Amino acid sequence: MKYQEVYKILEENIEKKRNILATVIQGPGEGTRLFFSEGELLVKSSEENFEPEELQRLSETGESRILETDSRKFFVELLRNPSRLVICGGGHVAQQVIVLAKKIGFQVTVLEDRPLFADQARKAGADIVICDDFASGLEKIPGSSDTYFLVVTRGHRYDDICLTSILRKERAYAGMMASRKRGILLKKRLIEEGIPEEEVELIHTPVGLSIHAETPEEIAVSIMAELIMEKNSVKKTSGYEKELLACLAEDSGQKKALATIVSRRGSAPREIGTKMIVFPDGKIIGTIGGGCMESRVQHHCLHMLKEENPKGCLVYEDMTGTEAEEEGLVCGGTIQVYLEVLGV
């Protein structure tokens with residue numbers, strides 16, 4: 001099977017709750033990709049045989065990492081679906097949250113029942129704006145393990161309506177802007193209404209990290225800091241940008257090199273799983289952090305693309321303190337990158 005087929009199947013299952021892509025980076029079957037969804041091996045890109053114990057370890061991995069067995073070294077990616085932020089309320093704090101959330105990479109949906117504020121949320125950059133009452137609007141919004149709910153409505157009775165609906169959905173996070181006293185009273189009432197106590201206690205209220213925020217802008221910073229902390233507490237890779245995944249799934253016959261960060265130390269700018277495609281003409285899709293390290297990796301890839309029978313390899317790139325200063329980082333960092341040529 002061509003490697004493109006693996007990425008096509010990954011693309012079709014991108015919204016599933018638990019997706020894992022394992023790539024053999026050393027040992028028999030090097031370059032083979034195995035895609036697991038919801039614990040089931042859906043596809044592998046070669047006829048290579050794998051021991052049942054290997055497959056079980058791969059399918060049960062709890063974080064993105066390098067995994068070694070007796071005969072092979074794998075890079076295993078626990079893929080994160082695109083993070084979605086659902087904001088109930090479109091007031092001043094919500095508008096500042098929208099701006100920051102979009103910069104960080106969240107897909108933002110806003111639910112607001114007032115047309116004027118719904119329009120302001122749209123102007124602030126929300127991807128989807130639903131102008132409807134909160135009960136009806138939340139019925140249209142599904143939950144998922146990568147969906148974050150934030151309640152910042154204009155009144156306590158609306159908070160109650162929103163949380164009653166949200167706590168019945170799958171979610172990564174539920175937060176509500178309220179005073180500590182108000183939060184305690186609302187949690188008590190939700191329990192009295194039949195919501196399981198363990199679910200109620202997961203509500204983040206008062207929402208945001210405690211940084212003594214006062215203005216809408218400062219409150220938005222505290223909220224986004226908490227969301228980032230929650231999002232990054234599970235070690236998943238960021239998955240595939242749409243353009244990069246489309247390129248990998250396309251059977252164009254064109255040679256290209258794929259560079260994937262498989263480990264990092266220090267203040268290297270990008271997380272493991274970050275990818276970059278390099279074409280023979282020097283064109284790239286994606287980035288592994290820019291600067292000197294990326295340039296050196298790009299040159300490695302261009303050299304491999306000129307080889308007749310290139311083999312995958314692991315390269316280490318070390319950013320010195322001086323280079324880090326020039327790139328705006330505090331100190332140096334090291335990345336280990338797996339390079340492979342596809343389409344040969």
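The values are calculated or read from the model by the stated rules, or taken from the named source; none is laboratory data. Note that the coordinates shown come from a computational prediction; the quantities given were computed from them, not determined experimentally. Virtual Cβ from ideal backbone geometry, glycine too; neighbours counted across all protein chains shown. With ligands, DNA and RNA removed, areas are computed over all heavy atoms of the protein, side chains included. Shrake-Rupley method; radii C 1.70, N 1.55, O 1.52, S 1.80 Å.
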Given (1) buried (at least 16 other Cβ atoms within 10 Å of the Cβ); (2) modelled with pLDDT under 90; (3) hydroxyl-bearing (S, T, Y), where does S222 come up short, assuming only one miss? (2)
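On the basis of being under 22 Å from the mean Cα position of the chain (by Cα), closer than 30 Å to V43 by Cα, open to solvent by 20 Å² or more (accessible area, probe 1.4 Å) and modelled with pLDDT under 90, does S238 make the cut?
Working: under 22 Å from the mean Cα position of the chain (by Cα): yes; closer than 30 Å to V43 by Cα: yes; open to solvent by 20 Å² or more (accessible area, probe 1.4 Å): yes; modelled with pLDDT under 90: yes.
When the stated conditions are applied, S238 passes them.
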Quick one: I277 ticks every box in (1) at pLDDT below 80; (2) surrounded by fewer than 21 Cβ atoms within 10 Å (Cβ to Cβ) except a single one, so which number is it? (1)
Touching a strand residue (DSSP E or B) at 6+ places or on another chain (Cβ under 7 Å), open to solvent by 30 Å² or more (accessible area, probe 1.4 Å) and in a loop (DSSP other than H, G, I, E, B) - does that describe any residue in segment 151-167? no
Being open to solvent by 20 Å² or more (accessible area, probe 1.4 Å), charged (D, E, K, R) and either more than 23 Å from the chain's Cα centre (by Cα) or within 15 Å of V221 (Cβ to Cβ) (or both), is that true of even one residue in segment 86-107? yes
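When you scan segment 63-102, how many residues do you find that are out of contact with any strand residue (DSSP E or B) (no Cβ under 7 Å at 6 or more places or on another chain) and free of Cβ contacts under 8 Å to residues at least 60 places away in the same chain? Explain how you work it out, then say what you get.
Restricting attention to segment 63-102, the residues satisfying the condition of being out of contact with any strand residue (DSSP E or B) (no Cβ under 7 Å at 6 or more places or on another chain) are 68-71, 81, 91-93, 95-96, 99-100.
Now narrow it down to the ones that are free of Cβ contacts under 8 Å to residues at least 60 places away in the same chain: 68-71.
The total comes to 4.
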Which condition from (1) out of contact with any Ser or Thr (no Cβ under 9 Å at 6 or more places or on another chain); (2) among the aliphatic types (A, V, I, L, M); (3) within 23 Å of E199 (Cβ to Cβ) is the one that I98 breaks? (3)
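P310: surrounded by 17 or more Cβ atoms within 10 Å (Cβ to Cβ) and over 20 Å from S64 (Cβ atoms), yes or no?
Numbers: surrounded by 17 or more Cβ atoms within 10 Å (Cβ to Cβ): yes; over 20 Å from S64 (Cβ atoms): yes.
Yes.
For segment 318-327, indicate whether the set of residues that are within 24 Å of S59 (Cα to Cα), in contact with a strand residue (DSSP E or B) (Cβ under 9 Å, 6 or more places away or on another chain) and either at pLDDT 90 or above or open to solvent by 20 Å² or more (accessible area, probe 1.4 Å) (or both) is non-empty.
Step one: of segment 318-327, the residues within 24 Å of S59 (Cα to Cα) are none.
Scanning segment 318-327 turns up no residue that is within 24 Å of S59 (Cα to Cα), in contact with a strand residue (DSSP E or B) (Cβ under 9 Å, 6 or more places away or on another chain) and either at pLDDT 90 or above or open to solvent by 20 Å² or more (accessible area, probe 1.4 Å) (or both).
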Looking at segment 1-72, what strands (runs of 3 or more DSSP E) fall wholly within it and have at least 2 residues that are closer than 27 Å to D251 by Cα and polar (S, T, N, Q)? 19-26
